[in-house]
Amino acid sequence: MPGTPYAVNDVMTRTVVAVHGGAEFKDIVRTMRRWRVSALPVLDSDNRVIGVVSEADLLPKEEYRVRDQDPDPWRAARRPPDLAKADAVTAQKLMTSPAVTVGEDITLVRAARTMAHAKVKRLPVVDGEGVLKGIVSRSDLLRVFLRSDEDIADDVRREIATHLMAVPVQPIGVEVRDGVVTLTGRVRDTTLLPLVTRLVRAVEGVVDVHCALEGPLRRPNLDPDLPGSVGM
């Protein structure tokens, strides 16, 4: 979608493995193993996401399996949530809730920030009613960097060079190699260059920006004492 930021809807996985709240412990483990995933969205009867159950939520079952013989009696007292999960047998009791989710139309930048803030590797994607529509992972967010250099260059020329600098002193050159954008040419107003760099960097798939744009050539003042004679 040239000219518009990529959204979660553009990169998310639409076929999602999930479990309902009543799923039992061993069924959850089997599902994770079968589909080679480390976490599963947990749904209610209307397919709304109510939580996420991960390998970390399952591990207390093993960690505290012999807690009555634990030589450190203070450890159990310090971790009551893990003890509760050690005794749980269904997804609804094991899951982390509420789930951190994102909408289909949010940008990849916002999704990445949400993922980093929540310290999770994937996010369930939901509609306005909280119904599961897909899942977006770290690797999905990185897919924009697989865009071709030609596509990136087209976006830069259209959104930046054409609109922001409609009247350059000379044509603006846009070269993209492995996602790195190089801008060459001359512009009338060099104060815009920091803004140009930021805008180009915001184009989906751009890895870095080398801005080699320059201002207009100035003619030397050959006779500075001549009245009305100024440099151009």
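Calculate, in nm to one decimal, what A118 and A56 gain on full extension: separation in residues at 0.36 nm each, minus their alpha carbon distance.
20.8 nm
Would you mind calculating the gained length between T191 and Q170 on full extension (0.36 nm times residue separation, minus the Cα-Cα distance), in nm to one decimal?
Full-extension gain reported as 5.9 nm.
Add +1 for every Lys or Arg and -1 for every Asp or Glu among the other residues with Cβ under 15 Å from the Cβ of V42, and state the total.
-2
Say each of E104 and R36 gets a label point 7 Å from the Cα, pointing the same way as Cα to Cβ; how far apart are those two points in nm?
Distance between label points: 2.8 nm.
None of the figures in this text is laboratory data; all of them are computed from the coordinates on show. Please read these numbers as outputs of a predicted model, since none were measured by experiment. Note that each Cβ is placed from the backbone with ideal geometry, even for glycine, and that neighbours are counted across all protein chains shown.
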